[in-house]
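Okay, so here's the structure we're looking at.
The values are calculated or read from the model by the stated rules, or taken from the named source; none is laboratory data. Keep in mind it's a predicted model, so treat the numbers as computed, not measured. Cβ: placed from backbone, ideal geometry, glycine included. Neighbour counts: every protein chain shown. To get the accessible areas, we keep the full protein, side chains included, count just its heavy atoms, and leave off ligands, DNA and RNA. Shrake-Rupley method; radii C 1.70, N 1.55, O 1.52, S 1.80 Å.
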Amino acid sequence: MGYNDNMNKKKITIIGAGISGLYLGYLLEDKYDITILEARNRVGGRIYSISGNDMGPSWIWSHQKNVLKLIQELGLELFTQFTDGNSLYDTKNKLEVFS
Ligand SMILES: Cc1cc2nc3c(=O)[nH]c(=O)nc-3n(C[C@H](O)[C@H](O)[C@H](O)COP(=O)(O)OP(=O)(O)OC[C@H]3O[C@@H](n4cnc5c(N)ncnc54)[C@H](O)[C@@H]3O)c2cc1C
């Protein structure tokens with residue numbers, strides 16, 4: 001999309017570059033000249049990972065049709081959660097093991 005194409009479009013400003021703001025921009029980008037304002041120095045909002053460890057949304061269920069459709073559109077891949085073996089739940093006071 002070139003600069004001249006955008007000049008003829010109505011301008012829209014979206015506040016917040018979390019998945020909602022980014023997806024709204026993605027849906028409307030053909031019809032509007034869009035600016036997304038983000039308060040932080042990164043996009044993604046609550047979607048975040050630190051050194052490969054996921055700190056935000058990880059699970060998607062089969063009833064979440066919209067996000068499944070978006071994943072397909074974007075050519076992303078899902079993988080099944082690894083559930084073999086024991087799970088550990090670490091709190092300040094104790095470590096619980098679930099089998
Ligand atoms: C630890 C964790 C685990 C989760 N696990 C899952 C999961 O497994 N499955 C699932 O479906 N969901 C999960 N969620 C929920 C999911 O992450 C959120 O529902 C989703 O990311 C919210 O997206 P959003 O765009 O609506 O809001 P946000 O991600 O909060 O984005 C809002 C953005 O707007 C910006 N902003 C706010 N105010 C302003 C302002 N005045 N000016 C400019 N920018 C502004 C913020 O900085 C932020 O970037 C999890 C969340 C967390 C924290």
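Just give me the residues in the range 15-33 being of a type outside the set (D, E, K, R) and farther than 18 Å from Glu73 by Cβ, in sequence order. Explain how you work it out, then say what you get.
First, the residues of the range 15-33 that are of a type outside the set (D, E, K, R): 15-28, 32.
Of everything in the range 15-33, those that are of a type outside the set (D, E, K, R) and farther than 18 Å from Glu73 by Cβ turn out to be Ile15, Gly16, Ala17, Gly18, Tyr32.
Tell me, which helices (runs of 4 or more DSSP H) lie completely within the chain with 2 or more residues that are within 9 Å of the ligand (Cβ to nearest atom)?
Numbers: elements: 3-7, 19-28, 65-73.
Per the criteria, 19-28.
Filter the range 20-43 down to the residues that are open to solvent by less than 90 Å² (accessible area, probe 1.4 Å), closer than 18 Å to Asn66 by Cβ and in contact (Cβ under 8 Å) with a residue 24 or more places away in the chain and list them by number.
Gly21, Tyr23
Which members of the range 51-73 meet the condition of being under 27 Å from Leu24 (Cβ atoms), over 12 Å from the mean Cα position of the chain (by Cα) and open to solvent by 80 Å² or more (accessible area, probe 1.4 Å)?
Within the range 51-73, Trp61, Ser62, His63, Lys65, Asn66, Lys69, Gln72, Glu73 meet the criteria.
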